[in-house]
Amino acid sequence: MIKAGVIGATGYAGAELVRLLLAHPQAELAAISSVSFTGQALSEVYPAYLSRCDMTCTDQEEVIEKSDVIFAALPHGLSQELAQQCHDKGRAFIDLGADFRLEDEAEYTEWYGGGFLSKELHSEAAYGLPELFRENIKGKRLIANPGCYTTAVPLALAPAVKNGLVELSGIIADCKSGVTGAGRKPAQNTHYPELNEGFSAYKVANHRHTPEMEQTLSHVAGEKIHLTFVPHLLPINRGILATCYASLKPGVTQEQLREAYEEAYANEPFLRLLPKGMSADIKNVRYSNFCDVSLFTDPRCGQLVAISAIDNMVKGAAGQAVQNMNLIFGLEETAGLLMMPPAF
């Protein structure tokens, strides 16, 4: 059994990691930590875990000592020193934050502030989007786990981009997210009276996930891509719906597009290419590690409309992290992740 530790276990992503690890057939929860709730049982913070996880939140050092793999579910800027400690002790480290996602230090500084504490350590990190970079992940000990938008958008567009079926300029990612994506700490815009019965865009064309999505799609395309990203906040708990627009190359047909997506995703256990005419819906992926993708074309305008739906807490965070753990330890990639979404 792989001994897994969670640093930041009382945040939404950390608590979701605990939920998934408790059901994993080849991993066991060794230790958890929380700055805000040190000394308290996780079931005190989340009563849903009563009798399933009454483990006490300890300090980060104890988590590292007791674990073979450490998941860090922390805000950006807090993982680099932890990653170094884990590296020095031969532990695997999966970072759910943004500290290792961007390859260019100047870009990281521009969007997140700060810099790389160890360029050598950053060079060892693998970007953990298995459907696109699986072979780079296997056997690595440091994983930069993508988040919600940065999973949903590339998976919606990658086959079209890779096969040269769309123009690489003018791509638009129009995305909607459940409020758990903002984290557990209260804020004015996530306060219930502000959020309920409302729907608005935020950080328009200025969201820090933009360069990460561009980086991923640029690797897929083999050349630099820029896109326009507009996120919106939905008054729901879970889910990401990414509606992505790209101009079709002249002569590209719906059949060519579908063939490219079928070839790319046919053997992917968590990618579901939906039947023609069916549109991805976040309710059909809740609590699961699935990403549903639907394809449409607008022949009048020569546009591809690719839509993806994920659960932002599972495929967009904790589930993807467990998927990466499975890959780096040579386990079945689907281990602990085959739960079905509820039907209604």
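The values are calculated or read from the model by the stated rules, or taken from the named source; none is laboratory data. None of the values given here were measured: they were computed from a predicted structure. Note: ideal-geometry Cβ built from the backbone for every residue, glycine included; neighbour counts use all protein chains shown.
Given the criterion more than 25 Å from LEU338 (Cβ to Cβ), more than 20 Å from the chain's Cα centre (by Cα) and surrounded by fewer than 17 Cβ atoms within 10 Å (Cβ to Cβ), identify the matching residue among LYS3, LYS89.
Being more than 25 Å from LEU338 (Cβ to Cβ), more than 20 Å from the chain's Cα centre (by Cα) and surrounded by fewer than 17 Cβ atoms within 10 Å (Cβ to Cβ) holds for just one of LYS3, LYS89, which is LYS89.
Looking only at strands (runs of 3 or more DSSP E) that lie completely in the range 241-344, which have at least 2 residues being farther than 30 Å from VAL69 by Cβ and under 23 Å from the mean Cα position of the chain (by Cα)?
In the range 241-344, 291-298, 303-310 are the strands (runs of 3 or more DSSP E) which contain 2 or more residues that are farther than 30 Å from VAL69 by Cβ and under 23 Å from the mean Cα position of the chain (by Cα).
Quick grid of which residues meet (1) hydrophobic (A, V, I, L, M, F, W, C); (2) without any contact (Cβ under 8 Å) to a residue 60 or more places away in the chain; (3) in a helix (DSSP H, G or I):
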{"position": "VAL63", "(1), (2), (3)": "yes, yes, yes"}
{"position": "ALA83", "(1), (2), (3)": "yes, yes, yes"}
{"position": "GLY90", "(1), (2), (3)": "no, yes, no"}
{"position": "TYR108", "(1), (2), (3)": "no, yes, yes"}
{"position": "PHE116", "(1), (2), (3)": "yes, yes, no"}
{"position": "GLU135", "(1), (2), (3)": "no, yes, yes"}
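Just checking, does the range 54-67 include any residue being over 14 Å from ILE7 (Cβ atoms), assigned by TED's automatic domain parsing to the domain that holds GLU120, modelled with pLDDT of 95 or more and more than 23 Å from the chain's Cα centre (by Cα)?
For the range 54-67, residues over 14 Å from ILE7 (Cβ atoms), assigned by TED's automatic domain parsing to the domain that holds GLU120, modelled with pLDDT of 95 or more and more than 23 Å from the chain's Cα centre (by Cα): present.
Identify the residue in the range 175-217 that is hydroxyl-bearing (Ser, Thr, Tyr) and surrounded by 19 or more Cβ atoms within 10 Å (Cβ to Cβ) and, among all such residues, is nearest to MET313 (Cα to Cα).
THR180
Quick one: which of LEU157, LEU121 is farther than 30 Å from ILE2 by Cβ, aliphatic (A, V, I, L, M) and modelled with pLDDT of 95 or more?
The match here is LEU157.
Residues being out of contact with any helix residue (DSSP H, G or I) (no Cβ under 6 Å at 6 or more places or on another chain) and closer than 14 Å to PRO159 by Cα: count how many of those fall in the range 268-285.
1
Scan the range 35-53 residue by residue and report those that are aliphatic (A, V, I, L, M), in contact (Cβ under 8 Å) with a residue 12 or more places away in the chain and assigned to a helix (DSSP H, G or I).
LEU42, VAL45
Would you call ILE32 crowded, with 17+ Cβ neighbours inside 10 Å and over 26 Å from ALA182 (Cβ atoms)?
The answer is no for ILE32.
Being free of Cβ contacts under 8 Å to residues at least 12 places away in the same chain, out of contact with any Cys (no Cβ under 6 Å at 6 or more places or on another chain) and either crowded, with 22+ Cβ neighbours inside 10 Å or hydrophobic (A, V, I, L, M, F, W, C) (or both) is the requirement here; does ALA321 meet it?
no
Going by what's in this entry, would CYS291 be described as surrounded by fewer than 24 Cβ atoms within 10 Å (Cβ to Cβ), assigned by TED's automatic domain parsing to the domain that holds LEU155 and not aliphatic (A, V, I, L, M)?
Judged against the criteria, CYS291 is not a match.
Of TYR202, TYR127, TYR192, which residue is free of Cβ contacts under 8 Å to residues at least 24 places away in the same chain and among the aromatic types (Phe, Trp, Tyr)?
TYR192
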